[in-house]
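Okay, structure first, notes after.
The values are calculated or read from the model by the stated rules, or taken from the named source; none is laboratory data. It should be emphasised that the depicted structure is a prediction, and the values quoted were computed from it without experimental measurement. When we count neighbours, we look across all protein chains shown, and the Cβ atoms used for this are built from the backbone with ideal geometry, even at glycine. With ligands, DNA and RNA removed, areas are computed over all heavy atoms of the protein, side chains included. Shrake-Rupley method; radii C 1.70, N 1.55, O 1.52, S 1.80 Å.
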Amino acid sequence: DPLVELPSEYKELESLLNDMPITKANGEPGLLHDEAFGKAIDSGRLPEYDLSKVEDVQLLHALFRDYTFLTSAYLLEPCHKRFLATGDYGLGRSVLPKCIAKPLCTVAAKLNVRPFMEYALSYALYNWRLLDRDLGFKVDNMRIIRSFEGSSDESGFILVHVAMVSHTGRLVEAANKMVESLKLKSRPDFNSAIKQYYETLSLINTEMETMWKHSLTSGYNRFRTFIMGIKNQPMFPDGVVYEGVIDPETREESPRYAFRGESGANDSIIPLSDNLFQLIDAMPENPLTKILIDFRTYRPPEHNAYLKDMEEKARQLNLVDYAVSDAESAKYYLLNLDKIREFRTRHWNFTKEYILKHSKHPRATGGSPIVTWLPNQLKTVLVKIIEAPCGDESGIKARANEQLLTLEEEVDKLRARYNQ
């Protein structure tokens, strides 16, 4: 479980994090409400902690989460109220003070990750606590630990992702069983595993659909500013200087960095599915797919190692060829593709309703083009469904063909609006 409260030797850091949100836990306005957070940092409220000797893994992850929250709050504080007032973010702060930059980089090096906010290691998947362990990972049975806005929309946004990911143990189990049964050419075991994968993807999609209830479309832009990244964002045209840091590769002092922002695209559910069903091999060779590959580097190293391993095994074993060579396997192969389509379609619908209706900013939080990036992957899934060499008793292919035509029309109109 994530560490909810830091040990007493970090009391100044804990206090600052509690005072930081726009609305604090006690309902009072916090430092970000009055644009006073940067002033608190610049006035010396945060000591420069030496974290070089910290080895406890749970503490390292909590410190990484907490310093990335401080980083995003400090860099993006000038952009928040300007966006709410004008629809334009303006410029963020271009120098991260050493009292944040040095400890953050120390912890990031120990965890072998980039020193910036991530989906898994900070904002979402290391930012929850259970109220009643017996009730499990239900949104109403969880609370977030750190926040920027302090609203129910922000907590709902985070906790729906946690609820979705709570099912991934069964997803990984099914993926492993598929590969092992394929090695042994055991069709009954393969069919059992591919069916389990489909059933688990269905559960995840059901959890995902609750986003509309737990995080209102009108509330997202009140905290979205703070999960923006540096890379490919107009708020940071020259990147950000990490004051006092020594770059481990170049040995440059106070290097200038540009990292992608926190994004649900950093999750491992769909990348595992892409790799297992060899969708990654069908992605077009274009700049949008290069962004997809780049996103894969913004997640825990263990996730990346597992995803790469599954990609290689599915390719070596020709998993898709094996799946479509049997009627029962082929049925669940197509059903799995349809669930991946459903997931990506819902993500695209979220983008339209939560973002495009409330903002003209051309970039998503991770720096990808807001109009064209998700459709790039969704189109690939739709084409694979249409071209799948198996029957279509449920009408999945026909629906995919109809959606493909609608998607292309929709994207053309949005590209004109956003000049993309």
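Things to note:
- Note on the range 362-420: semi-axes of the ellipsoid equivalent to its C-alpha gyration tensor, largest first and rounded to whole Å, are 27, 12, 7.
- Charge-dipole axis of the range 155-291 as Lys and Arg at +1 and Asp and Glu at -1 on Cβ define it, positive-most pick from Val240, Pro287, Gly156: Gly156
- Taking each DSSP H run with n ≥ 4 as -39500 (n - 2.57) and averaging over every residue of the chain yields -16500 deg cm²/dmol at 222 nm.
- Peptides 325-335, 404-414, ordered by how many other C-beta atoms sit within 10 Å of their residues on average, highest first, read 325-335, 404-414.
- The range 335-379 residues near the modelled Asp412 label - backbone nitrogen below 18 Å, point 7 Å along Cα→Cβ: 371-373, 375-376, 379
- Accessible surface of the chain, 1.4 Å probe: 50 percent of it comes from carbon and sulfur atoms.
- Each distinct pair of alpha carbons in the range 80-165 adds a 1/r term; the inverse of their mean, the Kirkwood radius, is 15.3 Å.
- Cross-link reach is defined here as a Cα-Cα straight distance under 14 Å, omitting same-chain residues fewer than 8 places apart; for Lys213 the aspartates and glutamates meeting it are Asp140, Asp153, Glu154, Glu353.
- The largest-to-smallest principal axis extents of the Cα set in the range 160-287 are 58, 41, 29 Å.
- Highest-MSF residue in the chain out of Val139, Val383, Val160 [GNM, Cα springs under 10 Å]: Val383
- The value of relative contact order for the range 266-382, using C-alpha pairs under 8 Å at least six residues apart, is 34 percent.
- Extended-chain gain in nm, criterion 0.36 nm per residue less alpha-carbon gap, Glu252 and Leu84: 56.8 nm
- Within a Gaussian network of the chain (alpha carbon springs, distance under 10 Å), most fluctuating of Lys379, Lys339, Lys290: Lys290
- Label-to-label distance, nm, for residues given as Asp281 and Asp189 (7 Å Cα→Cβ offset): 2.3 nm
- Qualifying GluC sites (Glu not before Pro) in the range 1-81, where qualification requires a DSSP coil assignment and no more than 11 other C-beta atoms within 10 Å, comprise Glu55.
- For the range 25-112, accessible area per residue (1.4 Å probe, heavy atoms of protein chains only), Å²: 44 Å²
- Trypsin sites (Lys or Arg not before Pro) restricted to the range 230-276 and DSSP loop, no more than 11 other C-beta within 10 Å: Arg251
- q = 0.21 Å⁻¹: log10 I(q)/I(0) that the Debye formula gives for the range 26-132, counting C-alpha atoms only: -1.19
- Residues of the range 82-115 with amide N under 20 Å of the 7 Å Cα→Cβ point at Asp50: 98-111
- Å² per residue, accessible surface of the range 249-330 at 1.4 Å: 46 Å²
- Mean sequence separation of contacting Cα pairs (under 8 Å, at least six apart), scaled by the length of the range 194-304, corresponds to a relative contact order of 18 percent.
- Volume per residue for the range 317-393 equals 100 cubic angstrom (convex hull of Cα atoms).
- Listed pairs Lys39/Lys357; Lys360/Lys384; Lys360/Lys397; Lys183/Lys384; Lys231/Lys352; Lys177/Lys339 exceeding 28 Å between Cα atoms: Lys39/Lys357; Lys360/Lys384; Lys360/Lys397
- Among Glu118, Glu253, Glu342: highest mean-square fluctuation, GNM of the chain, C-alpha pairs under 10 Å: Glu253
- Based on Cα contacts under 8 Å between residues 6+ apart, the chain shows a relative contact order of 15 percent.
- Estimated at 0.36 nm per residue, the fully extended path between Lys308 and Glu328 surpasses their Cα-Cα distance by 4.5 nm.
- Cross-link partners of Lys53 among aspartates and glutamates, defined as those whose alpha carbon lies under 14 angstrom from its own and excluding same-chain residues fewer than eight positions apart: Glu9.
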